[in-house]
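What follows is a short report on a single structure.
The values are calculated or read from the model by the stated rules, or taken from the named source; none is laboratory data. All figures in this text were calculated on a predicted structure; none of them were measured in a lab. FYI the Cβ positions are ideal-geometry reconstructions off the backbone, even for glycines, and counts take in every protein chain you see.
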Amino acid sequence: MNRQIVAAAFLLLPLLAMRAGAETLAEVVQNSLQRHPEVRLEQSRRKLEKGYRQQASSLLGGDPELSLSINGDQPGTDFGYEEYVAGVSVPVQLPSHREAKAALAENLGRLAEEERLRLWWRVTGEVLERAWKLRIAEADRKEAMKQWAASRALVRDIEHRHRVGEVSRNDLLLAQQEQLDAESAYQDAVSRETQARLAWRNFTGRDALPTGLEEYSSPLPAPPPLEKHPRLLALLGKVETARARAQETRSQRRAPPVVMLFAKRDRGSRQEDYTDSLGLELSLPLGTRTPAAAAIAEAGAEQARAEAELQLARRELQLQLSQAEQALATAETQHQLARRKYAYARDRMKLATRAFELGEMDLYQLLLARREYNQASRDLKLRELEKLHAAARKNHLLGVIAR
């Protein structure tokens, strides 16, 4: 009795949560996305984009510098030559530098959006996978609970028949053993559901399953092209960003020119008046490959890694789609076979029950027919849900995002 009370309480918890306010799959995905640690990466990418845009819009190629110099005769001489020079040096950013930084900022902005969509797609997949595992575990537990209840009812009937002398003690023991087997199967199903619910709660922060879960198992009217897949778009964005970063690194091979404006005050001797003058100095770096060679090579390597990652991801995604199509076809076949098996087991169960009541069949044969019927009924329900699960997995691999 205590175990029944605990089981009933376990069943009521998700029902109460659903009554408190059931959510759609899109709402659960949105909440899970906000809980995901990687969502904060978008802010850092946006800040990086903003930083490069500020550099691209600035005429300065670096920090201005102030300089001060004082020159004069050596101590002990009577000439009294003095010279004071104060100036400011301003690095001027070349147009090619600004264009490279603007292109990099543009690519970083697109990459931030594409990475957000990729994360959204990943979270959708995680939510779908955990939701279907919990849905299947719930259905399995419900089927096991019905079979346990049916076995208890059979034991009560056999106990009554035993008391009036219609069946033997051996038949009663067989029925009681069948009841224990059904209870054990139910406890295993409860354990699997508990594990699935813990995984669901850990990722989503929710107890109840979302509504409209089956909608994401419907065939897509027009599957999006593979090149528009969120995962591939994000990797393509990484390639374009790496290419823009490599171009920006190559543009930095030549340091920016430096314009210096200075004021000078000097005199030849103490008997002369000071002479003031202004000057302008322009420094043009020649630019060589040596100082920037390592940075250019590293940027090229980053671009090559991004391109290789894109090619590998495309192959892996094509393989996963082929496997998902095969898994869906297998699930559909298994569902059809389960329906036929259930029909045979149901008919046999009716005949066995009637034969037992008429005394034409012993209890062992009846229990065997009941076991096969219960297993067929359980398999049919699970195969149906597994087919929907396989269809949802295929749709997700095609790029479906719960919005």
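Would you be able to tell me the number of residues in segment 348-368 that are assigned to a helix (DSSP H, G or I) and either touching a residue at least 60 places away in the same chain (Cβ under 8 Å) or surrounded by fewer than 16 Cβ atoms within 10 Å (Cβ to Cβ) (or both)?
Final tally of qualifying residues: 11.
Taking the conditions exactly as written (more than 30 Å from S218 (Cβ to Cβ), in contact (Cβ under 8 Å) with a residue 24 or more places away in the chain and assigned to a helix (DSSP H, G or I)), does Y342 satisfy them or not?
So Y342 does not fit the description; no.
Residues to consider are A137, A149; find the one that is over 30 Å from Q30 (Cβ atoms), under 50 Å from the mean Cα position of the chain (by Cα) and either free of Cβ contacts under 8 Å to residues at least 24 places away in the same chain or part of a helix (DSSP H, G or I) (or both).
Result: A149 is the single residue among A137, A149 that is over 30 Å from Q30 (Cβ atoms), under 50 Å from the mean Cα position of the chain (by Cα) and either free of Cβ contacts under 8 Å to residues at least 24 places away in the same chain or part of a helix (DSSP H, G or I) (or both).
Take E325 and decide whether it is closer than 23 Å to K228 by Cα, surrounded by 13 or more Cβ atoms within 10 Å (Cβ to Cβ) and of a type in the set (D, E).
Here the answer is yes, as E325 does meet what is asked.
From W120, W132, which residue is closer than 23 Å to T24 by Cα, of a type in the set (A, V, I, L, M, F, W, C), buried (at least 21 other Cβ atoms within 10 Å of the Cβ) and under 20 Å from the mean Cα position of the chain (by Cα)?
Residue meeting the stated conditions: W132.
So which residues in segment 18-74 are among the aliphatic types (A, V, I, L, M), in a loop (DSSP other than H, G, I, E, B) and surrounded by 14 or more Cβ atoms within 10 Å (Cβ to Cβ), if there are any at all?
Passing the criteria: only A22.
Contact list please: Cβ distance under 8 Å, first residue in segment 216-236 and closer than 11 Å to N395 by Cα, second residue of a type in the set (V, I, T) and surrounded by 13 or more Cβ atoms within 10 Å (Cβ to Cβ), pairs at least six apart or on different chains.
Correct list of pairs: Y216/V400; L220/V400.
Just the residues that are more than 23 Å from P224 (Cα to Cα) and not small (G, A, S), please, taken from segment 300-322.
Correct list: E302, Q303, R305.
Regarding segment 165-178, can at least one residue be identified that is closer than 26 Å to V29 by Cα and in a loop (DSSP other than H, G, I, E, B)?
Looking through segment 165-178, none of the residues is closer than 26 Å to V29 by Cα and in a loop (DSSP other than H, G, I, E, B).
Consider R118 carefully, then state whether it is within 27 Å of A391 (Cα to Cα), assigned by TED's automatic domain parsing to the domain that holds K228 and in a helix (DSSP H, G or I).
yes
Pick from L319, L261, L278: which is over 30 Å from A246 (Cα atoms), among the hydrophobic types (A, V, I, L, M, F, W, C) and either assigned by TED's automatic domain parsing to the domain that holds R231 or under 30 Å from the mean Cα position of the chain (by Cα) (or both)?
L319
I'm trying to understand the selection: among the residues of segment 231-282, which are among the small types (G, A, S) and outside any strand (DSSP E or B)?
Passing the criteria: A234, G237, A242, A244, A246, S251, A255, G268, S269.
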